[in-house]
Every structure is written in structure tokens, then in C-alpha cells.
Ligand code: CDP
């Protein structure tokens, strides 16, 4: 059977990664979390002192050091899912903190960051057989993807899911701060000049506010089967 390219885009914390990972595993495709790549660029800024006193990323310093950022993914045999590596180091936990979430959208809005990550993502997907999730996958990275999904859910439900996820990891987040962060990121992601978050004209829309993980998985699998049988 021919291998297609699947682009899953949508707002923060709407469960895209869970559904994309599950689908990729089920159909034997590669899964790439493009958000993890922007989170790695952000972690690099934090750990290399590239955040200015006013709390914004030092764009000039980062641009000079972009070639030092190498992101890769390796399967974790315990979870059966890929972990994110920055320059050979497993940063899967460190990229998911509220500190990184608070800075990632301004970093991801920088045109030279987007150019570098988009080129890497396109190289990873050259052969097809890939499920990639993010904000601009169906619009900018793979505009010719055979299957595009745009996922959304209400703000409160998305904030609750992210809050539960952080609690499960042992953090003690403040619900209002989580809600505020996702609204802020949605705003920056949707209004930036380069590759803003928007629904591709040919995307299938999924509002999963009231769906279980099992239901959304089945929905996606059914849509996939329709596409490859076309
Ligand atoms: O996990 P969550 O949905 O909250 O976010 P993520 O997928 O880890 O992405 C983190 C951030 O990276 C987003 O808020 C965007 O600012 C940025 N991003 C992007 O600009 N383009 C992408 N293709 C993926 C993520």
C-alpha cells in the first residue's frame, strides 16, 4: 500500500500529539512532533543564557547559534514512543515545563527559527509514511499532504487536559496560569507573520471537546482508511 503524508494541526493542548502518536504506531508510520523542535530551540535559549533581561529571546544571539541546534527523535522502548533529543541529550521532560511553554511561541515566531525547523521537517518527511503534528504542517511544511486534520477543543477543556498532564508528571501547576498560557500561545501562533496557525482549506476538522482518546483514535483511523482506499 502506498505511504502517504499526514498533517495534524491545531491549537495548543488539544490532544494532537496523543492522536498523532497513536495513529503512527497503529499504521507503522514515523511520528514527528514539530512542537518539540520549537521547544528544543527554546530550551537552548534558556540554558545558553539567550533570554534578555526583559524576558524575551535574544533573537540576534540565537540567529548566530542556530547551527548548534540539532534535534532528533529516538524510540523509547519503555513507552513505545519517541523521545526528543537536543544535541544528543534526552530532553523529553525538560522541554515540557511551564517555563519553556511560556517562551516557546515568541521563539517559534522568529522567521530564521521557522526556516531552519521547516527545512529539517521537510527532510524528515521526504519519503512519505509520516504523521507530523504542529501548527503549520498542512499549510507551510507539507502543503501537498494527502491527509490533513485540523483539531480543536474549547479553551477550558484544553487547559484542564494540560493541567492534568502536568500534575501526572509531578508538577504543581496553577490552573489559571495554564489557561492563560494556552490563550497567549494561541494568539501569538495565529497572528505571527510567518506561517501562522490556520486551518488549511482542504483539512478535515475535528472538535474533540467531548471525545474520549479511544473515540478520536477510531475517528482518525477511519479517515486514514478512507484516504488510502481512495
Ligand atoms: O503541546 P502543545 O500543543 O501545547 O504545543 P506544542 O505542539 O508542543 O508546540 C509548542 C509551540 O511551538 C506552539 O505553541 C507554537 O508556538 C510552536 N509551534 C509552531 O510554531 N509550529 C509548529 N509546527 C509546532 C509548534
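Could you please find all residues in region 1-11 being within 22 Å of residue 177 (Cα to Cα) and either out of contact with any strand residue (DSSP E or B) (no Cβ under 6 Å at 6 or more places or on another chain) or assigned to a loop (DSSP other than H, G, I, E, B) (or both)?
11
Using beta carbons and a limit of 6 Å, which pairs, at least six apart or on different chains, have the first residue in region 32-45 and closer than 15 Å to residue 8 by Cα and the second one more than 9 Å from the ligand (Cβ to nearest atom) and not in a helix (DSSP H, G or I)?
Qualifying pairs under 6 Å: 36/84.
For region 39-46, state whether one or more residues are closer than 23 Å to residue 150 by Cβ and in contact with a helix residue (DSSP H, G or I) (Cβ under 9 Å, 6 or more places away or on another chain).
Checked against the condition, which is being closer than 23 Å to residue 150 by Cβ and in contact with a helix residue (DSSP H, G or I) (Cβ under 9 Å, 6 or more places away or on another chain), region 39-46 yields at least one hit.
Which pairs have Cβ atoms under 6 Å, sit 6 or more apart or on different chains, and link a residue in region 61-75 that is within 17 Å of residue 91 (Cβ to Cβ) to one that is loosely packed, with under 15 Cβ neighbours inside 10 Å?
70/87
Grab the strands (runs of 3 or more DSSP E) fully contained in region 123-230, keeping just those with 3 or more residues being buried (at least 18 other Cβ atoms within 10 Å of the Cβ).
Strands (runs of 3 or more DSSP E) meeting the threshold: 130-134, 147-152.
Under the condition of being crowded, with 16+ Cβ neighbours inside 10 Å and part of a strand (DSSP E or B), which residue from region 68-109 is nearest to the ligand (Cβ to nearest atom)?
For region 68-109, the residue satisfying everything is 84.
Any idea how many residues of region 185-230 are within 16 Å of the ligand (Cβ to nearest atom), within 16 Å of residue 145 (Cα to Cα) and touching a strand residue (DSSP E or B) at 6+ places or on another chain (Cβ under 7 Å)?
The qualifying residues number 3.
Among the residues of region 12-40, count how many are more than 7 Å from the ligand (Cβ to nearest atom) and touching a strand residue (DSSP E or B) at 6+ places or on another chain (Cβ under 6 Å).
10
Throughout, read-outs are computed from the coordinates displayed, never taken from laboratory work. Since we're looking at a predicted model, the values are computed, not measured. Glycine gets a Cβ as well: all are built from the backbone with ideal geometry, and neighbour counts include every protein chain shown.
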